[in-house]
Amino acid sequence: MGFVIDPALHPSVAVTGSEDRFPVRRIFCVGRNYAAHAREMGKDPDREPPFFFTKPADAVVDSGQTVPYPPQTQNLHYEAEMIVAIGTGGRNIPEADALNHVWGYGTGNDLTRRDLQKVAKDMGRPWDWSKGFDNSAIIGPISPVSKVGHPSKGSIRLTVNGETRQDADLEELIWSVPEVISILSHSIALQPGDLIMSGTPAGVGALKPGDVCTASVVGLSDCTVTIGDPV
Ligand code: MN
């Protein structure tokens, strides 16, 4: 059997300290998982169960790249996030077993067309166009659990041109990594290669062409992106 057109290369991200790469299957993102960010988005963080949205796997971009300023927006935002890389799939995973499904952790930037997201929210439409556009998932090198364990506290930060814009602690996550894995796996079968973007802390803001934006989580590899001119 052949393919009637050339199949795309399998999307992948770098692995810290290795030439090997982590193949990306799907990207699940947690909405409003830090209370102060939920508040800055005008929401009450205490009453909402976690909710999810997705990005296409081929939206991934390695750290260190320049991506063009995306079309159809005047308000491109950064969002620093810890990335959870799933190594072993499963359904209905209990919280107590959830961390056994993790291959590693990284740092990412959930680029967002905030103006399109506001329209989607106001009109009750899906978030896809605000979150799932080309080059919207900047993902730094993934560090294996064998090297970094399971980070659950410590600094998560983001700078733009060297100035700090987000500065929080992983302990502030409303829904912990085991809880997120368990809840996700009750709605879909998690698969090896799935990435989870675990949510961003307060301080989100706009990027413009020429900006250099670095997200970091203590103990993990940084994730840097440069915003280029529009396509
Ligand atoms: Mn996000």
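Here are some notes:
- Count of residues meeting criterion [without any contact (Cβ under 8 Å) to a residue 40 or more places away in the chain and open to solvent by 10 Å² or more (accessible area, probe 1.4 Å)] in the stretch 78-119: 4
- Residue count, the stretch 207-227 (criterion: out of contact with any Cys (no Cβ under 8 Å at 6 or more places or on another chain) and of a type in the set (Gly, Ala, Ser)): 3
- Lone qualifier among Val231, Val225, Val180 - being of a type in the set (A, V, I, L, M) and within 17 Å of Val160 (Cβ to Cβ): Val225
- Taken over the stretch 46-96, residues that are of a type in the set (Asp, Glu) and within 18 Å of the chain's Cα centre (by Cα) amount to 4.
- In the condition set (1) touching a residue at least 40 places away in the same chain (Cβ under 8 Å); (2) out of contact with any Cys (no Cβ under 7 Å at 6 or more places or on another chain), Phe53 is compliant with all but (2).
- Taking the criterion of being open to solvent by 60 Å² or more (accessible area, probe 1.4 Å), assigned to a helix (DSSP H, G or I) and in contact with a Lys or Arg (Cβ under 7 Å, 6 or more places away or on another chain), the only residue of the stretch 131-188 that qualifies is Glu171.
- In the stretch 1-37, the residues that are without any contact (Cβ under 8 Å) to a residue 60 or more places away in the chain and over 30 Å from Ser146 (Cα atoms): Met1, Gly2, Phe3, Val4, Ile5, Asp6, Pro7, Ala8
- Per-region count, the stretch 96-131, residues under 17 Å from Phe52 (Cβ atoms), of a type in the set (Asp, Glu) and either in contact with a strand residue (DSSP E or B) (Cβ under 7 Å, 6 or more places away or on another chain) or away from the ligand (no atom under 15 Å from the Cβ) (or both): 1
- Hits in the stretch 190-211 - residues which are within 16 Å of Ser63 (Cβ to Cβ) and either surrounded by fewer than 19 Cβ atoms within 10 Å (Cβ to Cβ) or touching a Ser or Thr at 6+ places or on another chain (Cβ under 7 Å) (or both): Asp211
- The set of residues in the stretch 212-231 being touching a Phe, Trp or Tyr at 6+ places or on another chain (Cβ under 9 Å), open to solvent by 10 Å² or more (accessible area, probe 1.4 Å) and at pLDDT 95 or above consists of Gly219, Leu220, Gly228, Asp229, Pro230.
- Residues that are surrounded by fewer than 16 Cβ atoms within 10 Å (Cβ to Cβ) and more than 13 Å from the ligand (Cβ to nearest atom), drawn from the stretch 26-57: Ala36, Arg39, Gly42, Lys43, Asp44, Pro45, Asp46, Arg47, Glu48, Pro49
The values are calculated or read from the model by the stated rules, or taken from the named source; none is laboratory data. All of these numbers come straight from a predicted model, not from anything done at the bench. FYI the Cβ positions are ideal-geometry reconstructions off the backbone, even for glycines, and counts take in every protein chain you see. With ligands, DNA and RNA removed, areas are computed over all heavy atoms of the protein, side chains included. Shrake-Rupley method; radii C 1.70, N 1.55, O 1.52, S 1.80 Å.
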